[in-house]
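Worksheet: the structure to be examined is printed underneath.
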Amino acid sequence: MPLEAGLLEILACPACHSALEDRSGDEAAPELVCTGSDCGLAYPVRDGIPVLLVDEARRPA
């Protein structure tokens, strides 16, 4: 279930404060990915709720 566009406008990466890209359309592993060039953390979306905790984020490959 994709997140609302209005919500994405106000959310930011907790680590670097860059915008987040919605990749929650992927049913296997929905996530929000930081668009910052130095960061790139991927935050999980569980039951339609973004988990914006740095400790829960996946590091870029």
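The values are calculated or read from the model by the stated rules, or taken from the named source; none is laboratory data. The model shown is predicted, which means the values in this text are computed figures rather than measured ones. Every residue, glycine as well, gets a Cβ built from its backbone with ideal geometry; the counts of neighbours run over all protein chains shown. These accessible areas exclude ligands, DNA and RNA; they are computed on the full protein's heavy atoms, side chains included. Shrake-Rupley method; radii C 1.70, N 1.55, O 1.52, S 1.80 Å.
Given 0.36 nm per residue, what is the gain on full extension from residue 15 to residue 53 after removing their alpha carbon distance, in nm?
12.8 nm
The gain in end-to-end length when the residue 27 to residue 4 segment is fully stretched comes to 6.7 nm, 0.36 nm per residue minus the alpha carbon separation.
Note on surface exposure: 16, 39 rank 16, 39 by accessible area, highest first, 1.4 Å probe.
Calculated mean residue ellipticity, 222 nm, the chain: -2000 deg cm²/dmol, from DSSP H runs (n ≥ 4) at -39500 (n - 2.57) each, averaged per residue and rounded to 500. Per-atom-type breakdown for the chain gives carbon and sulfur 52% of the accessible area (1.4 Å probe, protein chains only). Computed with a 1.4 Å probe over protein heavy atoms only, the accessible surface of the chain comes to 66 Å² per residue.
Among the listed values [x] 0.96; [y] 0.92; [z] 1.37, the one computed from these coordinates for Rg/Rh (Cα atoms, Kirkwood Rh) is [y]. Lys and Arg at +1, Asp and Glu at -1: add these up for the other residues within a Cβ distance under 14 Å of residue 34 and post the number. So the surrounding residues net to -2. The mean sequence separation of alpha-carbon pairs under 8 Å and at least six residues apart, normalised by the residue count of the chain, gives a relative contact order of 26 percent. Sorting 37, 18, 24 by accessible area puts them as 37, 18, 24; the probe is 1.4 Å, largest comes first, and only protein heavy atoms count.
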